[in-house]
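A short worksheet on the structure shown next.
The values are calculated or read from the model by the stated rules, or taken from the named source; none is laboratory data. Just so it is clear, the structure is predicted and the values come from calculations on it, not from any experiment. Here the Cβ positions follow ideal geometry from the backbone for every residue, glycine too, while neighbour counts run over all protein chains shown. Protein only, heavy atoms only, side chains kept; ligands, DNA and RNA dropped before computing areas. Shrake-Rupley method; radii C 1.70, N 1.55, O 1.52, S 1.80 Å.
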Amino acid sequence: MRYTNFYIIILFLFVSNNALANTKSDTLTVGIYQNPPFVITSGEGDYEGLSIELWENIAKSSDLNFKYELHSDFISILKKLEYNEIDLTINPMDVNDLRVGKFDMTQPFSISSIGVAIPYLNRSTFSVFISNIFSLEFLEIILLLILIIFIFGFFLWLVERKHNKFQFRPGLLGLFDGLWWSAVTMTTVGYGDKAPKSNLGKAIAIIWMFTAVIIISSFTAGIASTLTISGLQTDIKNIEDIRLVEKISTVGASSGEYYLMQENIPVAQTYASPILALRAIAKKENDVLLFDKTILQYYINRLSLDEKIKLLPFTLKENYQSFMLPKNHPYFDEINVGLMKEIQKEQWLDLQRKYDVKGK
């Protein structure tokens, strides 16, 4: 009998705990982190931003009591949500399959996109072209090309100088004859004034002809890349153009970093915050910065970097963003319906214009 009563008590406590877990609390804990223009902290416990005003309108309409809990980043928010230590986050969270399986995600209210920022070069296309012609990289390509031409010309002259003395003269002049033949053959000009006569010379010529086709194609691509790399910074239109840029930067653990990883594009520098990344771009320490376009635009305006940084007029990827709650949260339906009502009001359009945000 005593054991029966003991099991009844344990069962009662278990059911009671589950019931308490599913009942609505009096005050919701709203996890937030600094994420302009959605959540902006003043440092004095005051908050503003698009998500803040949207949430407070929802809470007011639905008569919800809440308190804010400030976190350092979105990773801390995710951990708190997973262990039911906060009730929701109003920072815009990207909707994906993994998150939908683990959390309750509301109706999307914003669309995030990866923006591309570059430093203003303040130079004309002609000046960029001239500076690249006289650059060290361009000089290295030309010197390497001359070296390869000289090597094949030297070997052909070495073989032909005894069999073909009129076309490949002895001494220094003959060496120039070999260089001339090698250059003319590589460029497929084919004047015909010099040609090997010995079998070994013809074999060298055949090898050089096929090798030259490969070399000239590779060197042409290399020269074109060197001459246009800076020009591409002002004419980037898609991900393929970005692949040609040398110094690509982004913010750590951001959608920009994940996108570059998916595209197998190496990142030259990763920064802890968009402010640090933008300041590096303004100083021309990097060629391109990939990060959330809305946040980039906000900081460019706030830090008065519009004369040093150019935000390109296209995006690379779009994601829908929502509020996020723990799975099966008792307030989910109420908050979701309230959100849908708010974003259909004219006031929502005013808020988006106020914070210069493209929403759903």
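Counting only heavy atoms of the protein chains, get the accessible area per residue of the chain (1.4 Å probe) and round it to a whole Å² value.
It amounts to 57 Å² per residue over the chain.
Report the FRET efficiency, 1/(1 + (r/R0)^6), for GLN347 and SER42, where r is their Cβ-Cβ distance and R0 is 25 Å, rounded to 0.05. Don't jump to the answer; show the numbers that get you there.
Details: r = 23 Å, r/R0 = 0.92.
The formula returns an efficiency of 0.65 here.
Quick check on the chain: helices-only [θ] at 222 nm, where DSSP H runs of length 4 and up contribute -39,500 (n - 2.57) each and the sum goes over total residues. Nearest 500, please. Intermediate results must be reported in sequence, preceding the final value.
On the way: 14 runs with 186 residues, N = 360.
Taking each H run of at least 4 residues, the total per residue is -16500 deg cm²/dmol.
Find which of LEU260, LEU325, MET340 sits farthest along the positive direction of the dipole of the chain, computed with +1 on the beta-carbon of Lys and Arg, -1 on that of Asp and Glu, about the Cα centre.
The one lying farthest along the dipole's positive direction is LEU260.
How much length is gained on full extension from SER113 to ARG243, taking 0.36 nm per residue of separation minus their Cα-Cα distance?
Values: separation 130, 0.36 × 130 = 46.80 nm, distance 1.88 nm.
Length difference between fully extended and current span is 44.9 nm.
Mind checking which of VAL245, VAL30, VAL159 has the largest fluctuation in a GNM of the chain, springs on alpha carbons under 10 Å?
VAL159
How long are the three semi-axes of the equivalent ellipsoid of region 40-166, in whole Å, if each is the root of 5 times an eigenvalue of the C-alpha gyration tensor, listed from largest down? List each step's numbers first, then the result.
Values: eigenvalues 919, 88, 34 Å².
Square roots of five times the eigenvalues give 68, 21, 13 Å.
Beyond 29 Å between alpha-carbons counts as too far, so tell me which of LYS79/LYS237; LYS79/LYS284; LYS80/LYS283; LYS284/LYS317; LYS247/LYS308; LYS80/LYS284 fall in that bin. Present the calculation step by step, with values, prior to reporting the outcome.
On the way: LYS79/LYS237 38 Å; LYS79/LYS284 37 Å; LYS80/LYS283 38 Å; LYS284/LYS317 25 Å; LYS247/LYS308 17 Å; LYS80/LYS284 39 Å.
Where the Cα-Cα span goes over 29 Å, the pairs concerned are LYS79/LYS237; LYS79/LYS284; LYS80/LYS283; LYS80/LYS284.
For region 240-360, what ratio Rg/Rh do Cα atoms give with a Kirkwood hydrodynamic radius?
My calculation puts Rg/Rh at 1.05.
Which whole-angstrom value gives the distance between the alpha carbon centres of region 310-333 and region 154-174?
Here the answer is 73 Å between Cα centres.
Using the Cα centre of the chain as the reference point, and only Cβ charges (+1 on K/R, -1 on D/E), how large is the resulting charge dipole? Debye, rounded to the nearest 20.
Details: 34 positive and 38 negative charges, 353 e Å.
Around 1700 debye, computed over the chain.
For the chain, what number results from the quotient of the Cα radius of gyration and 2.2 N^0.38 Å? If you can, show how the numbers build up before the last one.
Details: Rg = 33.0 Å, N = 360, 2.2 N^0.38 = 20.6 Å.
In units of the 2.2 N^0.38 Å rule of thumb, it is 1.60.
Principal axes first, then extents: for the Cα atoms of region 98-220, list largest minus smallest coordinate on each axis, whole Å, largest first.
That gives 86, 40, 21 Å along the principal axes, largest extent first.
Can you order the peptides 135-147, 71-83 by their average number of other Cβ atoms within 10 Å per residue, highest first?
Details: 135-147: 12.9, 71-83: 15.6.
In descending order of packing, they fall as 71-83, 135-147.
Any idea what the relative contact order of region 50-200 is, in percent, if you count C-alpha pairs under 8 Å spaced at least 6 apart?
On the way: 80 pairs, mean separation 21.2, N = 151.
Contact order relative to length: 14 percent.
Can you tell me how much longer the chain between TYR83 and THR220 gets when fully stretched, taken as 0.36 nm per residue apart minus their C-alpha distance, in nm with one decimal?
43.5 nm
What does a probe at LYS102 reach in region 46-83, counting residues whose amide N is under 11 Å from the point 7 Å along Cα→Cβ?
75-83
Mind giving me the FRET efficiency for LEU303 and GLN262? R0 is 22 Å, r the Cβ-Cβ distance, nearest 0.05 is fine.
On the way: r = 29 Å, r/R0 = 1.33.
Taking R0 as 22 Å, the efficiency between LEU303 and GLN262 is 0.15.
Quote to one decimal, in nm, the extra length available between PHE314 and LYS284 on full extension: 0.36 nm per residue of separation minus the C-alpha distance between them. Write down the numbers at each step before the final one.
Numbers: separation 30, 0.36 × 30 = 10.80 nm, distance 2.10 nm.
Once the chain is fully extended between PHE314 and LYS284, it gains 8.7 nm.
Write down the percent of antiparallel bridges among all DSSP beta bridges whose residues are both part of the chain, to the nearest 5.
Details: 21 of 35 bridges.
So the antiparallel bridges in the chain amount to around 60 percent.
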